[in-house]
Amino acid sequence: MLARVANNLYWMGRYIERAEHTARFLKVNYFSSLDAPNKLSQSRQFVLQSIYQMVGETMFINDTLEEETVLFNVGLNSEKTYSILNSVKNARENANSSRDLISTEFYESINKFYHHVMNYPSDVLVKSGLYDFTSTITEHTAILRGKIRGTLLHDEIYALIMLGINIERATQIIRIIKTKFDDAHKAIGGYANPVKNSYEWTTLLKCAESYDMMRRLYKKSPTQLSTLEFLILNPSCPRSVMNSLNQIYTNICTIDNAKIFDKDSPAFLIGKMRAEYEFKTIEEIQINVQNFIEKTSQLLFSIGFKLENEYFYV
Amino acid sequence: MKYDYTIKYRSENHYETPVFEAYWQFLVTPENNSTQKLITEKFTTSVNARIEESVNGLGFTTSRIHCKKPFKDIVFEAEFKLTKREVNPFDFTLPLDNSLDYELLSSLPFRVEFEAYLKNTALTILPKISEDLFKFEQSKSVFENCIALNTFIHNFITFKTGVTNTNTTLPTILENKEGVCQDYTHLMCAVARVNQVPARYVSGYLHQGDGFLGDMQMHAWTELYIPEIGWVGFDSTNNLVANHNHIKVAHGKDYNDCPPLKGIVYSSGNNFTKYTVEVNHQQ
Amino acid sequence: MIKNTANPIFSSYEKKDALYDEIFDENDEVRDVYKKLFELYSGLSSNDFGTLNEKAKATFFNQGITFQVYSDAKAQEKIFPFDLFPRIIDATEWETIEKGVLQRSKALNLFLHDVYHDKKIIKEGIVPLDLISSSSNYLQSMMGIDPPGGIYNHISGTDLIKHSDGHYYVLEDNIRCPSGVSYVMCNRNALKKALFGVFNHYDIHTVTDYAENLLEILESVKPNGVDIPTVVVITPGIYNSAYYEHSYLAKTIGIELVEGRDLFVENDFVYMKTISGPKRVDVIYRRIDDTFLDPLEFRSDSAIGVPGLFAAYKKGNVTIVNAPGTGVADDKAIYTYMPDIIKYYLDEEPILKNVHTYHCSREDDLKYVLENIDKLVIKPVDEAGGYGISIGNKLTKEEIKQVQEVIKKEPRKYIAQPIMSLSVHATFIEDENSFEQRHVDLRTFTLLGNQKDFVLKGGLTRVALKKGNLIVNSSQGGGSKDTWILKNK
């Protein structure tokens, strides 16, 4: 397969996944704050800042954020690289340049998705459409995933898209954890005590659509320990970092089975990271959570970097 | 008699910002023909890239570099050794009846055969008012007319560097009457073609030992097709019929068919180019 | 108004007698081939049609079967409007068309070989020298090159019209990168989805065999010494107006769709960059113009080409389809010599008619043209896509003066033809919610390969949607119809 097209497929996967995570984060944070148990979690500024932090917008401590501006920027502002609109636009553009390889049905879905977002009125989004907008984003991405799974040959094309999806998923989950971890500490005022019980853990799980799954497994209110264990280490949770790593490994093996034992290859790096996380315990992570989060996102970044150099820029 | 030459071509490019990928195609290798024979060729470059030989659309040998590693400076050097045969440009008998030659020049099959070198290009189109700049005298042979034209062009333009470039068109040259070898050649081509004589632009090296005009760069002259004789080189810059001092690389309709370097560079910012040519003659 | 108004969707069908109507004959009776279809459509109301029409449009839009329009400052994404009333061509009529377009393609191929070798036809004075020496599409670099199988114009698109005399005339031969074939297949699909019932009553030729035939043709012209060639399609990229077609062809043929930056040349061989390293490319179906193919040989500012490609081609290490330099033969000025070209190379009479053409480069013709602009269509010799065309009887006095000035400036650049009256076909007009007459033409697709040729049994019927408009190009507000070629009974 052409290196450029492989790159497009990979990034299409990443952008589809990014659109979904951004939408869910926006939705859950905004709506759960409405009836949050403590004052800070309820505070509008607190929520808006959390949203900006997640998407990576630069902020100054004393900035007062306008709700409508934040919602517009994150949802539909074509000038913000992190906006959902741009993720969808990029996903479709990547699909365009590889459309001879993807199924007509899948292309049709991504095209519909694109037109839906492009035509969504921004005044509706910021005034009354937030729930509708974000829900349809997650619905559309679910349809896309279904079409990817069901209408494409499970060969290297499929593996490249899934590789993008899973790397992006792990990256986004880590970003969400980081944002909510910071929020939880802010909510109790400082990093000194480990935050055992916080409303933010519930929000975090909901952002990853994993709250129900987690309650079912632990049958207790989420704590920092149980939440992180579930979202990072539990391979059965479809959105956990571990689950993503397992999939990334499978995908990279489909694309390139020969290079797994080459120390400099992305496949080797992925295998190594996966092996390490498989036997990691939450207690080890607990020693320095912040450090662990940083390290994980750095590892994911370097995997992405290596992938691009190895396969896409030949 | 034979002459042995060593030719060194060197080009240096400096780029303000790094170049990530680049292609250079040099058209500097002397051709093999009845008067010259290439013995050896050697290419070197400062960047880590292979040098490939290829043949361009008009059939001349090119050397190509494809560089994929970022760099800011590049040097390319070529060294050729060749022998050149003594050329006697007057080694033929003049036709008895000139009119047959002029008839041939205006005949359709002839004009079709030499179509490429009879049509005007952007660099060789004479403004309407100058179409009668030099008219062939039908009483003289084509060759005699060409000699006269060569002298005419030589006297018409004053050799001066730095006033024209490779994009300069004839109206400017006709107005200022100054320029360098490619300007002489473009004007010569244009006038010859108006007089129905096929003309081609030749790019090559000039051995400057005898105080000829030119500079430390590549030289240009004109080849005209003369019935019953064939292509004959005319160096109007020096008012000469091309001889053993003229080492041909390539020909074309005008300069654009035979620039010594074509580069495709993926970079932004300015670049500075310098190139030099050295032609040495061993006794 | 036509007599047969029992059908509500035809109630406002205004039939002009001066025009050749594809559906109704001179007595306003439905022509035989359309009888069944007309009967079937009679069962539908105009609202039914409106709904079907909307659905068909949505399908095209959702599938991204769109093109970009350049004329505005901002490029817009538009669908190529599709009409639900198919055009039907019966078997005998088609036989003539098929033979005729194949004859033209073969003659043009021999012409191209000649102008890049001995130029006999010009030396003998049959085609003027000026037509090649002043053509910007004539590539000196192609002199003496022998493409595999001797084929230059592997893919030709011939534009035909039916005049009011009931005969087909060729309007032009497109042999650079003719486009539109993807619409032929998409139109068929769309019509099947919308009105599958009508297909049961007609025995028509499939159009899906185009892809497999194209692949066979492309493989047949592989370079010497290659067993199983790697074939690719090269596109300028996703912002090109015909990108949909490029990707559609790559997909249906099952070959790689590449951009210039995906290819590179080493030692005069062409390779593509894949995730498992360089892979040699043998045949390139190019959808980029000649001068953009290779920045080292042609335009050095081309960012969509492949440096060194032409040298590889010249060496015979890769085949370019259509060959570079074919444009010289689809110059509109060459068109006018087509009857002579066919006779010269094939020793045959032209099967299809040519429209009489006045060359503004000839003094007599120029004089006639300048005096009769109101009766003529003026066309620039080398513009594609319907740009720069003036239709004499639609111009104001002021505009005629302007056109005269433009022609006088560069007579060589223009030709003129009598205003042909394109036949009309019933077409569903959204704003009226009913059928009206609209002008149509027909683009056919012919393939030439090594010991093989193929004419697509079907074509692109283009419709001028603006009332009275004669220009059918998509960039100028044209639409299209599915085109049915009936099988022999």
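The values are calculated or read from the model by the stated rules, or taken from the named source; none is laboratory data. Keep in mind that this is a model prediction, so the values were computed, not measured. Glycine gets a Cβ as well: all are built from the backbone with ideal geometry, and neighbour counts include every protein chain shown. Please note that ligands, DNA and RNA were not included when accessible areas were found on the heavy atoms of the full protein model with its side chains. Shrake-Rupley method; radii C 1.70, N 1.55, O 1.52, S 1.80 Å.
Per residue of C:261-268, how many C-beta atoms from partner chains lie within 10 Å of its own C-beta, taken as a mean?
Partner Cβ neighbours, averaged per residue: 4.
Can you give me the long-range amide H partners of B:Trp231? Hydrogens built in the peptide plane at 1.01 Å from N, cutoff under 5 Å, separation of 5 or more residues or another chain.
Long-range HN contacts for B:Trp231: B:Ile226.
Ballpark to the nearest 100 Å², how much total accessible area do C and A bury together, probe 1.4 Å?
Chain pair C/A: roughly 2200 Å² of buried accessible area.
Leaving out ligands and nucleic acids, and using a 1.4 Å probe, what accessible area per residue does the protein assembly as shown come to in Å²?
Per-residue accessible area for the protein assembly as shown comes out at 42 Å².
To test your reading of the geometry: what angle, between 0 and 90 degrees and rounded to tens, separates the Cα axis of helix C:32-42 from the longest principal axis of chain C?
Long axis of C:32-42 versus the principal axis of chain C: about 60 degrees.
Could you give P(r) for chain C, binned at 20 Å from zero, as whole percent values over all Cα-Cα pairs?
23, 56, 21, 1
For A:Gln172, what charge total do you get from the other residues with a beta carbon under 11 Å from its beta carbon, if Lys and Arg give +1 and Asp and Glu give -1?
Residues close to A:Gln172 contribute a combined charge of +4.
Quick one: if the Förster radius is 35 Å, what FRET efficiency do A:Thr69 and C:Asn47 give, using the C-beta to C-beta distance and rounding to 0.05?
Taking R0 as 35 Å, the efficiency between A:Thr69 and C:Asn47 is 0.15.
Residues of A:99-106, mean number of Cβ from any other protein chain within 10 Å of their own Cβ, rounded to a whole number? Intermediate results must be reported in sequence, preceding the final value.
Details: counts 11, 14, 5, 2, 1, 5, 1, 0.
Across A:99-106, the average partner-chain Cβ count within 10 Å equals 5.
Suppose R0 equals 35 Å. What FRET efficiency, 1/(1 + (r/R0)^6) with r the Cβ-Cβ distance, do A:Phe261 and C:Val226 give to the nearest 0.05?
Efficiency, from the Cβ-Cβ distance: 0.50.
If the reach is capped at under 21 angstrom between alpha carbons, list the lysines near B:Lys128, excluding any in the same chain fewer than eight residues apart.
Excluding near neighbours in sequence, the set is B:Lys119, B:Lys177, B:Lys253, C:Lys408, C:Lys409, C:Lys413.
Could you pull out every residue, at least 5 positions away or on a different chain, whose amide H is within less than 5 Å of the one on B:His219? Hs are placed 1.01 Å off N in the peptide plane, and Pro or chain starts have none.
B:Gly204, B:Tyr205, B:Leu206
Taking Cα atoms of chain B, Rg/Rh with Kirkwood Rh, to two decimals?
0.99
How do C:Asp431, B:Asp4 rank by accessible surface area computed with a 1.4 Å probe, from largest to smallest? If you can, show how the numbers build up before the last one.
On the way: C:Asp431 140, B:Asp4 65 Å².
Output order, biggest surface exposure first: C:Asp431, B:Asp4.
Work from the charge dipole of region A:3-312 (Cβ charges, +1 for Lys and Arg, -1 for Asp and Glu, about the Cα centre) and give the residue of A:Asn77, A:Ile176, A:Tyr15 farthest towards its positive end.
A:Ile176
Only residues of region B:216-233 count here: report those whose backbone N is under 18 Å from the spot 7 Å along Cα→Cβ of B:Thr93, or say none.
Residues B:227-230 qualify, since their backbone N sits under 18 Å from the label point.
What residue among C:His246, C:Leu110, C:Val440 has its Cα farthest toward the positive end of the dipole of the protein assembly as shown, where the charges are +1 on Lys, Arg and -1 on Asp, Glu, each on the Cβ?
Result: C:His246, furthest along the dipole toward the positive end.
With a Förster radius of 30 Å, plug the Cβ-Cβ distance of B:Val75 and C:Ser136 into 1/(1 + (r/R0)^6) and report the FRET value to the nearest 0.05.
FRET efficiency, B:Val75 to C:Ser136: 0.20.
For a 20 Å ceiling on Cα separation, which of these pairs sit above it: A:Lys27/A:Lys80; C:Lys16/C:Lys55; B:Lys72/B:Lys262? It would help to have the intermediate numbers written out before the result.
On the way: A:Lys27/A:Lys80 18 Å; C:Lys16/C:Lys55 31 Å; B:Lys72/B:Lys262 18 Å.
Where the Cα-Cα span goes over 20 Å, the pairs concerned are C:Lys16/C:Lys55.
Taking the Cα atoms only, what angle lies between the long axis of helix C:91-115 and the longest principal axis of chain C, rounded to 10 degrees?
Compared with the principal axis, the helix lies near 30 degrees.
Determine, for each peptide in C:261-267, C:304-310, C:223-229, B:71-77, the mean count of other beta carbons within 10 angstrom over its residues, then list the peptides with the highest first.
Output ranking for C:261-267, C:304-310, C:223-229, B:71-77: C:304-310, C:261-267, B:71-77, C:223-229.
Treating the protein assembly as shown as a set of equal point scatterers at the Cα positions, no solvent, please give the Debye-formula log₁₀ I(q)/I(0) at q = 0.06, 0.07, 0.10 Å⁻¹.
For the protein assembly as shown, the Cα-only Debye profile gives -0.63, -0.82, -1.28.
If you place +1 on the Cβ of every Lys and Arg and -1 on the Cβ of every Asp and Glu, how big does the dipole about the Cα centre of the protein assembly as shown come out, in debye to the nearest 20?
Roughly 3140 debye, rounded to the nearest 20.
Tell me which residues come under 5 Å, amide H to amide H, from C:Asp482 once H is placed; ignore anything under 5 positions away on its chain.
Under 5 Å from the amide H of C:Asp482 lie the amide H atoms of C:Asp83, C:Arg87, each far enough along the sequence or on another chain.
Determine the distance separating the Cα centre of region C:385-423 from the Cα centre of region A:134-162; give it in Å without decimals.
Going from one Cα centre to the other spans 53 Å.
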